[in-house]
Amino acid sequence: MKGVFAFFVHPMSIEDVAKKYKIAKKVSSKLVASVLKRRRPFVLSQITGLTSKTGVTADGFFIAIPLLTWQFYELEEEYVIKKLVKGCKVAKREGAKIVGLGAHTAIVGNGGRKLAKVVDIPITTGNTYTIGTAIEGTLKAAELMEINLKNSTLAVVGATGSIGSVCSFYLTPYFKRVILIGRNKSDLERVREKVESRSSGEVYSSTNISLIKEADVVVTVTGAIEAIINPKDIKSGAVICDVARPRDVAEAVVKVRPDVLVIDGGVVKAPGKVHFDFDIGLPKGLVLACIAETMILALEERYENYTLGKEISLERVNEMMKLASKHGFELAGLRSFDRALSLSQIEEIKRRAYEVRNK
Ligand SMILES: NC(=O)c1ccc[n+]([C@@H]2O[C@H](COP(=O)([O-])OP(=O)(O)OC[C@H]3O[C@@H](n4cnc5c(N)ncnc54)[C@H](OP(=O)(O)O)[C@@H]3O)[C@@H](O)[C@H]2O)c1
């Protein structure tokens, strides 16, 4: 039997809406938002050509949840969840056996938990595989930048979140110092206590994002609706893995800070000849890890609620990494702002950082 999955996406910006409806650029954003709010979820495109290394295949489709990122926060949670329930009905009607929640559809209602209680189709946020690939990419980038982790400082921005808390937990033993950054002091303290037991050095928590200036390695994974890390905030020679969608790191960083390495977190290569019939903003064959997790569960025919809520165990991350490898998913090399990075570009970043240090 062939696996069938659906994946929820939503427009991050008016430009995204204009990819399907050109008129969106010609009218006010308020009008676009109000039309989207009333629009029902619909099948956006078919996903074909996914073939595992084991030979099994799965088909899928994207379902558009017509809400802009900020609407997930401005609208009543109940209203947003009702819309997601309608999306699940579309998924089921079209034959999907599991639904993946993309971007902010995965954050609302305690990371999918509230939705899972009211729908009769399994769901997953995709955060488990996202965590695994973010960790893998961060460690790879730090190695290429020749950062000696044992003498270095790690900062995790969004450390109280579903992805950020597990990345903090996993990465802490590698570093001398760890700074956990978030907005809520008591949540931060809870994560700090858990993480501290894995550290032989110091673990701090703070609500002050400017502390990332002290970090050699940064993982940033907040639910912010626009960029929160700007060129002046970053230490020279640092690696930043930006997992957030929309991104946490301002695009200006790549233009004015040639001495830092910003990598896109959670981008993987899918097996087979995957075709989306829609511009997902990535080159052919590449997908976000959250989509990949949904694909992997469909290939496995594991139709169960897989990743929900904020507590994700390392055992689950390890299991998902093994399943990914079994089916032929792998990290898509290092990428920065949607462009592949070559080793010579990384050498150039190192050279620039050396120049800054020795000025
Ligand atoms: N690349 C991929 O494949 C992929 C896959 C899944 C998710 N993502 C992205 O990862 C991000 C986080 O997802 P998640 O499921 O971990 O979300 P989450 O559990 O809601 O955690 C988000 C974290 O960000 C913090 N935060 C929210 N708004 C902020 C702001 N304006 N400034 C600073 N911190 C803020 C939250 O703090 P509070 O507790 O104070 O709200 C929380 O610590 C999202 O952007 C999502 O789209 C990417």
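The values are calculated or read from the model by the stated rules, or taken from the named source; none is laboratory data. As the structure is a prediction and not an experimental result, all values here were calculated from the model. Because the Cβ atoms are built from the backbone with ideal geometry, glycine has one as well, and the counts that use them run over all protein chains shown.
List of remarks:
- Annotation: of all residues in segment 122-147 being in contact with a Lys or Arg (Cβ under 9 Å, 6 or more places away or on another chain) and more than 11 Å from the ligand (Cβ to nearest atom), the one that is nearest to His10 (Cα to Cα) is Pro122.
- Any hit, segment 238-257, residues being of a type in the set (A, V, I, L, M, F, W, C), surrounded by fewer than 23 Cβ atoms within 10 Å (Cβ to Cβ) and in contact (Cβ under 8 Å) with a residue 40 or more places away in the chain: yes
- For segment 148-163, the condition holds for at least one residue, the condition being that it is part of a helix (DSSP H, G or I) and within 10 Å of the ligand (Cβ to nearest atom).
- Any hit, segment 215-229, residues being out of contact with any Leu (no Cβ under 8 Å at 6 or more places or on another chain) and away from the ligand (no atom under 16 Å from the Cβ): no
- Note on segment 111-121: residues that are part of a helix (DSSP H, G or I) and more than 9 Å from the ligand (Cβ to nearest atom) amount to 6.
- The residues of segment 85-102 that are surrounded by fewer than 22 Cβ atoms within 10 Å (Cβ to Cβ) and assigned to a helix (DSSP H, G or I), listed by number, are Val85, Lys86, Lys89, Val90, Lys92, Arg93.
- Filter result (within 12 Å of the ligand (Cβ to nearest atom), among the small types (Gly, Ala, Ser) and at pLDDT below 95) within segment 281-310: Gly281, Gly309
- Single condition Ile225 does not satisfy, out of (1) part of a loop (DSSP other than H, G, I, E, B); (2) within 30 Å of Asp16 (Cα to Cα); (3) modelled with pLDDT of 95 or more: (3)
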